[in-house]
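Below: the structure, in structure tokens.
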Amino acid sequence: MEDRAKSASEAWLEARAPGFQDLPENDRRAIFDFAFLWSLFEAEVMETNASVDRITKKVDAWAAAGILGADLHDTELAYFRDRYFSNGELTYRYPHLALRKSDHPELVEAVIRGGNDDPRDRMLALLMIVWRLRNNLFHGAKWAYQIQGQKENFDKANAVLMRLIDRHRDVA
């Protein structure tokens, strides 16, 4: 693989951010991509103001219009179900999502456990997980474990965001 020049900010992060120097290039790329994809998603699909209420309203509008496409995200939902639910129990990772009351925690848990398979609820649960990844990254919670072990989370979130932007940017 060809070496690339590091930016001044990347060099600064390597020198000062806990664990960043040990973060593999592919992990960094997934996180950097997520930041840009989230920004584009928020601008073009969430009308520059993402919130739990706005996400919920969008999901409800897509469902009502017959353009939800929840089945398009089955691979990503299966990944998060496996990550957060195993052997009949929520995994130790689930609490680290730090779902707030407004994040529909009961709905997310029911979908993760497989007890709720309604397409609207699956889509909303998936977006609540992506929302929490976003908040945990941008508000610093991911630094508690030096952003380690997050590549697949962000790869899956990135796939969801790209698909939603392609599908709903003109319907926003």
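The values are calculated or read from the model by the stated rules, or taken from the named source; none is laboratory data. Only a predicted model underlies this, so the values are computations on that prediction, with no experimental measurement involved. Cβ: placed from backbone, ideal geometry, glycine included. Neighbour counts: every protein chain shown. Side chains included, ligands, DNA and RNA excluded: accessible areas come from the protein's heavy atoms. Shrake-Rupley method; radii C 1.70, N 1.55, O 1.52, S 1.80 Å.
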What FRET efficiency comes out for the pair Thr48/Tyr92, r = Cβ-Cβ distance, R0 = 35 Å, nearest 0.05?
0.45
Taking Cα centroids, how far is the stretch 109-141 from the stretch 41-79 in Å?
11
Largest first and in whole Å, give the semi-axes of the stretch 62-139's equivalent ellipsoid, each being the square root of 5 times a Cα gyration tensor eigenvalue.
20, 15, 11
Listed by chain and number, the lysines with an alpha carbon less than 23 angstrom from that of Lys101, same-chain partners under 8 positions apart left out, are Lys57, Lys58, Lys142
Arg120: net charge of surrounding residues, Cβ under 13 Å, Lys/Arg +1, Asp/Glu -1, itself excluded?
-2
Which value, in debye to the nearest 20, gives the size of the charge dipole of the chain about its Cα centre, when Lys and Arg are +1 and Asp and Glu are -1 at the Cβ?
380
Given a 1.4 angstrom probe, I'd like the percentage of the accessible area of the chain that is carbon and sulfur, rounded to a whole number.
50
Along each principal axis, Cα extent of the stretch 1-113, largest first, Å
48, 39, 29
Normalised contact order of the chain, rounded percent, pairs of Cα under 8 Å and 6 or more residues apart
36
Taking the solvent-accessible surface of protein heavy atoms with a 1.4 Å probe, what is the per residue accessible area of the chain in Å²?
53
